[in-house]
Amino acid sequence: MEVVDAWERYAQGRTPRRDANASGAKTWLNWTQYADHGPDESILGELQDRTVLELGCGTGCNLAHLSTLGAECIGVDIAPSQREKAVARWGHLPGLTFHTAEVTDHLCRTDGPLDVVLSVFGPVWFADPEQLLPLIRKRLSPGGVLAFSHKPPSAGSEPVGTLREARAVTRWDYTPEEWSALLTSSGYSNSKAEIIPPPKGQEVGTLLVRAYT
Ligand SMILES: C[S@@+](CC[C@H](N)C(=O)[O-])C[C@H]1O[C@@H](n2cnc3c(N)ncnc32)[C@H](O)[C@@H]1O
């Protein structure tokens with residue numbers, strides 16, 4: 001409950017995403033902490049008729065975009081109010097469902113193949129990856145992809161697994177090399193972990209990882 005409360009507090013403090021991005025698009029996928037920056041959904045490969053699961057989907061804005069591209073989309077978030085906001089904003093889109101659940105529990109209690117699993121500053125960063133990565137791997141279909149992003153671990157940061165922004169929330173701050181090793185030991189056949197440079201005037205980039213079955 002402490003973790004749910006922490007994420008509820010986080011949800012209450014968030015400003016809703018804009019109605020349109022800099023190019024005028026009403027839906028888009030943003031992997032980084034900066035608006036209008038970084039790669040788009042093309043790094044996920046084909047999306048039409050693919051089954052997509054987003055871990056920690058928040059208000060569902062990224063997932064809604066994938067739904068408009070023809071994917072069957074499932075979003076999971078631990079904070080109940082995030083689901084309410086996601087349904088209110090995106091509930092009219094076909095092939096898009098939102099659930100309130102902890103992601104490890106959700107993966108243990110559901111079945112069926114997934115083609116794409118993504119986490120944008122989401123639970124791959126906040127749930128024990130030694131449990132989570134093999135669970136995702138088991139569900140990925142042949143040719144499936146797991147992609148996730150988060151802030152890179154900064155120099156002098158606390159060791160992995162210590163409490164951070166919210167007292168109840170643990171964060172797994174791995175380097176690209178550490179993620180690659182963990183993904184290999186979790187059964188992924190290849191992976192690419194990189195730091196996307198920040199936009200001009202900013203100092204912190206974004207760690208982006210893709211891993212394949
Ligand atoms: C930093 S926010 C990112 C939200 C969204 N992906 C975005 O890019 O705007 C992290 C989200 O993950 C959710 N979350 C954190 N840990 C979770 C877990 N173990 N299971 C499910 N959701 C979780 C939080 O409630 C929150 O909505």
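Rg and Dmax, both from the Cα atoms of the chain and both in Å, are 16.2, 46.
In the chain, the DSSP-assigned H stretches of four residues or longer account for a calculated mean residue ellipticity at 222 nm of -8000 deg cm²/dmol, using -39500 (n - 2.57) per stretch and the full residue count as denominator. Taking the DSSP bridge list for the chain and keeping only pairs wholly inside it, about 40 percent are antiparallel. Model label points for V169 and E46, set 7 angstrom from Cα along the Cα-to-Cβ axis, are 3.6 nm apart.
Rounded to the nearest percent, how much of the accessible area of the chain (1.4 Å probe, protein heavy atoms only) is carbon and sulfur? Walk me through the numbers before you get to the answer.
On the way: 5300 of 10400 Å².
It is 51 percent, rounded to a whole number.
The simple spin-label model puts a point 7 Å past each Cα toward its Cβ; for M1 and K26 those points are separated by 4.1 nm. Cross-link check: pairs K26/K200; K85/K192; K151/K200 evaluated at a Cα-Cα cut-off of 22 Å; pairs beyond the cut-off: K26/K200; K85/K192. Simple rule: put +1 on each Lys or Arg Cβ and -1 on each Asp or Glu Cβ in the chain, find the dipole, and look at A20, Y212, L44; the Cα lying farthest toward the positive end is A20.
Packing, as the average of other Cβ atoms within 10 Å across residues, places the peptides 137-147, 17-27, 42-52 in the order 137-147, 42-52, 17-27, highest first.
If you put +1 on each Lys and Arg Cβ and -1 on each Asp and Glu Cβ, how big is the dipole of the chain around its Cα centre, in Debye rounded to 20? Don't jump to the answer; show the numbers that get you there.
Details: 20 positive and 26 negative charges, 69 e Å.
That gives a dipole near 340 debye.
The values are calculated or read from the model by the stated rules, or taken from the named source; none is laboratory data. As the structure is a computational prediction, the values presented were derived from the model and not from experiment. Every residue, glycine among them, receives a Cβ derived from its backbone with ideal geometry; neighbour counts consider all protein chains shown. Surface areas here come from the heavy atoms of the whole protein model, side chains and all, with no ligands, DNA or RNA. Shrake-Rupley method; radii C 1.70, N 1.55, O 1.52, S 1.80 Å.
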